[in-house]
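What follows is a single structure, written as structure tokens, with notes after it.
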Amino acid sequence: MAESGAVQERPLRADARRNRERLLEVAVQAFAEGREVSLEGIAKAAGVGIGTLYRHFPTREALVEAAYRNEVARLCDGVPGLLAAAPADGAMRTWMDRFVDYMTAKRGMVDTLRAIVASGTDLFGGTKTRMREAVQSFLDAGAEQGVLRADVDPEDVLTAVTGVTLAAGAPHQREQAGRLLDLIMDGLRAR
């Protein structure tokens, strides 16, 4: 049964879903690069008309909110696939790179995100928990495989990786960010 007041959305047709995903991809890329891009520019770069953008995202805030939520979901929902494809330490290191990408894009959305939160939307509710659970999944798998320490708090890992994004989160600092992430991983490895 649907929650009171919840809107039930119809599933999107395949072409509409592809258009929506492409719009989100282009928007996130623009935000990560720190460019101020118009909605028209995002639609054009996505290869769709402005009407298509507005059908999916009636306002800039709606686009930013969807882009943010989509990035959180991609980051957290990708954990099982990473763990299936590589040992836990390698999977976690790949996830850390993705986290830096997420934070870089989030930095480009920060003003609009603040406005969304100020309007009363619980945009960040659950995000920290999902991130902590993602990191815990890597730590648990790594401890089981004997490649990561078993005594690490996932909150500490998130704080360290967030610190990397604050110190070296700009696109031109990716090499330095990678070195810093490698140092974190060295500290997480089982001895």
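At a glance:
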quantity	calculated
Gly169 in contact with an Asp or Glu (Cβ under 6 Å, 6 or more places away or on another chain) and either within 21 Å of Ala190 (Cβ to Cβ) or not basic (Lys, Arg) (or both)	no
Those residues of the stretch 74-126 which are of a type in the set (S, T, N, Q) and under 22 Å from Ala167 (Cα atoms), in sequence order	Thr94, Thr104
Condition met for Glu155 (in contact (Cβ under 8 Å) with a residue 24 or more places away in the chain, surrounded by 12 or more Cβ atoms within 10 Å (Cβ to Cβ), touching a helix residue (DSSP H, G or I) at 6+ places or on another chain (Cβ under 8 Å) and acidic (Asp, Glu))	no
Residue identified as acidic (Asp, Glu) and within 19 Å of the chain's Cα centre (by Cα) among Glu155, Glu175	Glu155
Only listed residue being of a type outside the set (S, T, N, Q) and surrounded by 16 or more Cβ atoms within 10 Å (Cβ to Cβ), chosen from Arg93, Arg74, Arg130, Arg69	Arg93
Hits in the stretch 142-170 (condition: in a loop (DSSP other than H, G, I, E, B) and farther than 14 Å from Phe99 by Cα)	Gly146, Val147, Arg149, Ala150, Asp151, Val152, Asp153
Whichever residue in the stretch 160-191 is modelled with pLDDT under 95 and under 16 Å from Arg149 (Cα atoms) and, among such residues, is surrounded by the most Cβ atoms within 10 Å (Cβ to Cβ)	Ala190
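The values are calculated or read from the model by the stated rules, or taken from the named source; none is laboratory data. Computed from a prediction, not measured in an experiment: that's the story for all the values here. Glycine gets a Cβ as well: all are built from the backbone with ideal geometry, and neighbour counts include every protein chain shown.
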